[in-house]
Amino acid sequence: MNDNVGNDSFDEAAQDDALEEALRRAAAILDPVPAELRHLAVEAYALHSLRDLDARLAELTFDSLVDALPVRGADVPRMLTFSTGDLTVDIEVTAEGLTGQVLPPQPARIEILGTAQPTATGTVTADEMGRFLCDLLLTGPFALRLRTDEEVVVTEWLRV
Amino acid sequence: MTSCSGTVLLSRITAGIPHSAAYDDLPYTRGGAVDRDAVGALVQSAADGDAAAWKALVDGLSPLVWSVVRAHRLSDADAHEVYQTAWFRFAQHLDRIREPHKAGSWLASTARHECLKVIKSTRRLTPTDDPQVLDGISEDRTPEESLIESEEAAAEAERIRRMWQEFEELGDRCRELLRVLMASPPPSYQEVSGALGIAVGSIGPLRQRCLRRLRARLVARGVR
């Protein structure tokens with residue numbers, strides 16, 4: 001608050017507050033959170049409670065969209081890297097699907113999770129070199145759950 | 001055992017928020033902000049397995065996340081996906097959030113970053129007047145049904161619609177700021193800062209300028 005507020009300023013500040021409140025009511029009527037989205041957010045808790053307790057979270061450490069020089073063109077693949085400890089997953093998302101590699105190279109079973117049914121979607125296997133390929137088109141938010149011989153790793157949710 | 005604590009905390013959040021007759025069905029449309037300490041405790045409880053605490057977080061912070069997404073004017077499909085991404089990632093990070101009482105800011109800035117990525121990857125913005133939003137008042141949602149019952153209420157609905165239209169026509173900076181500020185319950189400036197990437201200290205003056213600009217437009221158009 002300013003020190004030199006007179007009655008007029010008080011009045012104006014009160015009008016500001018009233019207008020903000022009127023906008024808040026308008027937003028609640030004209031542009032509320034869609035009910036199905038609220039529902040999905042509630043459901044997202046299953047990710048936490050169902051998550052394998054020993055699953056490690058691999059955070060997004062590289063995203064070509066923000067970390068690389070901008071490249072023009074419609075078919076530029078989105079390159080992503082998720083890391084946790086010494087395990088890294090590189091992914092390339094194109095219009096054809098998704099390719100990737102687990103590093104250090106090792107076989108893994110990889111589930112592709114979507115928000116519609118967060119417990120299961122596609123499954124793909126990484127070969128001895130850690131490479132995997134999947135023609136599943138990623139639409140909407142997704143995460144990968146990897147099971148290597150030693151551990152379970154889940155990537156951060158991301159939308160591509 | 002843990003679910004009890006969730007219920008208690010939920011009532012703590014809703015307590016002290018007065019209701020107005022026409023908006024009884026809409027939680028948090030008036031008055032007080034979410035108690036930030038309560039948010040911290042809810043995050044803790046949810047991390048410990050309390051589903052009711054999680055639901056309370058969704059109820060209390062969903063409008064903020066939605067406001068952030070709307071402020072960035074994404075297409076409906078993109079808006080929905082960003083909203084989901086923010087919440088799914090929040091669920092993943094539940095037991096690693098460093099400052100649980102700032103969960104609102106965390107969600108707001110996560111949503112913002114995802115919005116910026118969408119804008120960067122599509123470089124496509126929706127036109128200024130989203131017809132769905134403007135037509136919203138004629139759809140049969142419960143709060144509106146009660147509004148349209150009397151002529152007086154119809155006039156009120158028209159007033160709200162015109163106010164919204166003037167709001168939509170504000171410049172980008174003001175429109176973005178006000179869209180986030182009108183989340184319900186009112187967001188903290190910390191959350192607004194996370195939502196828009198602007199310094200906390202500049203929010204107050206900008207808010208004042210934008211509200212007064214809008215008010216001047218409303219007066220000029222005879223909307224009051």
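Nothing in this text is a laboratory measurement; each read-out follows from the coordinates by a stated rule. Remember, predicted model here, so these are calculated numbers, not experimental data. Please note: Cβ atoms are built from the backbone with ideal geometry, for glycine as well, and neighbour counts cover all protein chains shown.
General remarks:
- Calculated from backbone phi, Karplus (6.51, -1.76, 1.60) coupling profile of the stretch B:92-108 in Hz, x at Gly/Pro: 5, 8, 3, 9, 10, 5, 5, 10, x, 6, 9, 4, x, 5, 4, 5, 4
- When you filter the GluC sites (Glu not before Pro) in the stretch B:154-194 for DSSP loop state and at most 14 other Cβ atoms inside 10 Å of their Cβ, you are left with B:E169.
- Neighbour-count order for B:M182, B:M163, A:M79, fewest beta carbons within 10 angstrom listed first: A:M79, B:M163, B:M182
- Amide H contacts of A:R131 (H built 1.01 Å from N, in plane; Pro and chain starts excluded): A:V102 sit under 5 Å, all sequence-distant by 5 or more or on other chains.
- For chain A, alpha-carbon Rg and Dmax in angstrom: 22.8, 76
- A:T139 sits among other residues whose Cβ lies under 14 Å from its own Cβ, and their net charge, with Lys and Arg +1 and Asp and Glu -1, is -2.
- Evaluating 6.51 cos²θ - 1.76 cosθ + 1.60 at θ = phi - 60° for every residue in the stretch B:64-73, the Karplus couplings come out as 5, 4, 5, 4, 4, 4, 5, 4, 8, 6 Hz, glycine and proline recorded as x.
- Axis angle, to the nearest 10 degrees, between helix A:7-30 and the longest C-alpha principal axis of chain A: 40 degrees.
- DSSP loop GluC sites (Glu not before Pro) with at most 11 other Cβ within 10 Å excluded, longest remaining stretch of chain A: A:1-127
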